[in-house]
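Heads up, the thing below is written out as structure tokens.
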Amino acid sequence: MTDLVGRLLRTPQGAIGCTLILLLAVACVAGPWIAPKDPEAIDFLGRFRPIGAENWLGADQLGRDVFSRLLVGARSTVPMALAATLLGTVVGAVVGTTSAHLGGRLDEAIMRTIDAVMAVPGLLLALLLVGTLGNGSGNAVIAIAVAFAPGMARVTRSVALAVRNQEYVKAAVARGEGGAWIVFREMLPNVMAPVVIEATIRVAFAVMLFATLSFLGLGAQPPSPEWGLMVAEARQYVHQAPWVLIAPSLAIALTAIAFNLVGDGLRDALNPRHER
Amino acid sequence: MSFGWLLGRSASIVYTILVVSILVFGITQVLPADAAVTLLGENATPEALAAVRTRLGLDDPYWLQYLHWIGRVVVGDFGTSMRTGQPVGPEMFAALGRSLILAVSAILLMLVVAVPLGMAAALNQGRFADTATSLVSFVGIAFPEFVTATLLALVFADTLQWLPATGWVAPGESAGGFLSHLALPALTASVVLVAHVVRMVRSETLDVLHSDYIRAARLKGVPEGRVLVGHALRNALLPVVTIVALDVGYLLGGIIVIEEIFAIPGIGRQLMVAITARDLPSIQAGALIMAATYALTNTLADMAYTVLDKRIRYD
């Protein structure tokens, strides 16, 4: 494990990505304490104050400090994306591994159905679900998780098919272990590596998707400093204060870039052909 | 492409639509909103509500409601919009047409940009052009549509005032107006596609350039331009067809946001309006049509593949 982290940090993508994620983690954990100002403090004299010493990233339509809002907003954005990815990955990994373990016609039927579900664009599926469950961050997380699960199931299954024919799985079958034991104890731990890479890259999509839902008014609700919501609120004041819009936009993009970089780095670090 | 293969693909499209219809119906039917209340308003009398429920079959068991619905969909009747009182089908298909114009423009724009860029990166492997291209594509992938759309509108519509920020002009109405209104949405939709496909074209071109037949062509003295265009490009582009087809799903999702931001009356915007208004027939029809479009596109891509690559035959 430490070996993997070392190899990850030796790849340039991994090093940059991990640094960015570390900064994000600090913002998520300590955001409210390190923020230079109160993110909710309204200051009408400071409306649309440009970038400067007073407000490092300017102030918004209510005179609230954009930098402080970004810092505090990290925890309404990034952990949500992580939770959604985790949930979707777990569900997808269990379904995919089970399908590979069952094999034959059942596997075929499950995979055909998953292919069919994947014909619904992820964002549309998430929109339909949030429309049903109601607006809010929690429901947006569930919706994204459901939208991710079929794709993760597909990835996991393709890995699990190879694992299924390994001796230790055959040994477990020969011992007469139950299906649940074989899926959870023998197969799942051994499909995790490629699944983790895929999941890391998906966190980037989850960040984007969650921000999109909030942007459309279906995820986080005002006055939350969620980044997608900040972009939505800043749009009508873009003439007076473009920085209010640009700052959260870049925060979303940087977060997505960070997870993409780490995913890419992990792929290099885990790829045996790139062994140095 | 044998008859049997076509039959199999048709069966899988039908199965896809069946699964999606159950999924969409299942999700929308548990919507907390009561369709009768949506239709008549909060102040309707219980008798009137009961009458409407009976008329719409809302008291029937779910499976019966589903069968009624899908039975009508099969003959092309998607029901009546609860918001406008108009038939849903014609409205949705007209909207789909506008969305497809947007999607096809985005794909064309992507091909024009991504193919030369990807090839150039491959030919300059490891040099500045290559690094710059992969950097740009890395950044491009990280921008969700709503961010790209707002930033592009900020630059080209609000600041420079070169292009209109919102709206749609039919191509028959005014060609100039049509193109200028299409420019920003198509550009937005193409950004992620370009970022994705550039990487694909680059790695495919690299693979092809290291193959034996390219070396053979060079050794027998074929001019470099013909090696690249005649021999390498064609084979490097093959996998791109599949990627583009798979990206259509992503594109259709992105189009929902793009149409919402640029106020384009396409299927994505119809869906957003329907979801906000809890207009069940419109939501069901829109989602079903979108999924069917995706399934069809992928089949068409597979067919195009066999035409482009004679080595592949589906039996």
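The values are calculated or read from the model by the stated rules, or taken from the named source; none is laboratory data. If you're wondering where the values come from, they're calculated on a predicted model, not measured in any experiment. Heads up, the Cβs are rebuilt from the backbone with ideal geometry, glycines too, and the neighbour counts pull from every protein chain shown.
Residues are listed down the side, and each one gets a yes or a no for (1) in a helix (DSSP H, G or I); (2) modelled with pLDDT under 85; (3) hydroxyl-bearing (Ser, Thr, Tyr):
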| site | (1), (2), (3) |
| --- | --- |
| A:Thr132 | yes, yes, yes |
| A:Asn139 | yes, no, no |
| A:Ile144 | yes, no, no |
| A:Ala147 | yes, no, no |
| A:Gly151 | yes, no, no |
| A:Leu161 | yes, yes, no |
| A:Val173 | yes, yes, no |
| A:Val183 | yes, yes, no |
| A:Met187 | yes, yes, no |
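Can you tell me which residue within the range B:48-96, out of those that are among the aromatic types (Phe, Trp, Tyr) and either free of Cβ contacts under 8 Å to residues at least 24 places away in the same chain or assigned to a helix (DSSP H, G or I) (or both), is farthest from B:Ala274 (Cα to Cα)?
So the residue we want is B:Trp63.
From the list B:Ala232, B:Ala186, exactly one residue is surrounded by 15 or more Cβ atoms within 10 Å (Cβ to Cβ) and within 23 Å of B:Ala157 (Cα to Cα). Which is it?
B:Ala186
Collect the residues in the range A:93-126 that are within 30 Å of A:Ser249 (Cα to Cα) and either touching a residue at least 24 places away in the same chain (Cβ under 8 Å) or among the small types (Gly, Ala, Ser) (or both), keeping them in residue-number order.
Within the range A:93-126, A:Met118, A:Ala119, A:Gly122, A:Leu123, A:Ala126 meet the criteria.
Of the numbered conditions (1) away from chain A (no Cβ under 14 Å); (2) crowded, with 16+ Cβ neighbours inside 10 Å, B:Ile256 satisfies every one except a single condition; which is it?
Tallying (1) away from chain A (no Cβ under 14 Å); (2) crowded, with 16+ Cβ neighbours inside 10 Å, B:Ile256 fails exactly one: (1).
Got at least one residue in the range A:83-100 being within 14 Å of another protein chain (Cβ to nearest Cβ) and under 27 Å from B:Asp247 (Cα atoms)?
no
Criterion first (at pLDDT 85 or above and within 14 Å of chain A (Cβ to nearest Cβ)) does B:Ala245 satisfy it?
no
Residue under question is A:Leu270, and the condition is that it be within 12 Å of chain B (Cβ to nearest Cβ), under 30 Å from A:Leu9 (Cβ atoms), in contact (Cβ under 8 Å) with a residue 40 or more places away in the chain and touching a helix residue (DSSP H, G or I) at 6+ places or on another chain (Cβ under 8 Å); does it hold?
Against the criterion (within 12 Å of chain B (Cβ to nearest Cβ), under 30 Å from A:Leu9 (Cβ atoms), in contact (Cβ under 8 Å) with a residue 40 or more places away in the chain and touching a helix residue (DSSP H, G or I) at 6+ places or on another chain (Cβ under 8 Å)), A:Leu270 does not qualify.
What do you reckon, is B:Phe78 out of contact with any Ser or Thr (no Cβ under 6 Å at 6 or more places or on another chain) and surrounded by fewer than 16 Cβ atoms within 10 Å (Cβ to Cβ)?
Spelling it out, it is not the case that B:Phe78 is out of contact with any Ser or Thr (no Cβ under 6 Å at 6 or more places or on another chain) and surrounded by fewer than 16 Cβ atoms within 10 Å (Cβ to Cβ).
Just one of A:Leu70, A:Leu62 is under 18 Å from A:Val231 (Cα atoms), in a loop (DSSP other than H, G, I, E, B) and not hydroxyl-bearing (Ser, Thr, Tyr); which is it?
Just a single option satisfies the conditions, and that option is A:Leu62.
Scan the range B:96-137 residue by residue and report those that are buried (at least 18 other Cβ atoms within 10 Å of the Cβ) and either within 14 Å of chain A (Cβ to nearest Cβ) or at positive phi (or both).
B:Leu96, B:Ser99, B:Ala103, B:Ser137
Restricting attention to the range A:26-36, which residues are touching a strand residue (DSSP E or B) at 6+ places or on another chain (Cβ under 8 Å) and within 10 Å of A:Val72 (Cβ to Cβ)?
Of everything in the range A:26-36, just one residue is touching a strand residue (DSSP E or B) at 6+ places or on another chain (Cβ under 8 Å) and within 10 Å of A:Val72 (Cβ to Cβ), namely A:Ala35.
Is one or more of the residues making up the range A:194-206 outside any helix (DSSP H, G or I) and either of a type in the set (Phe, Trp, Tyr) or at pLDDT below 85 (or both)?
no
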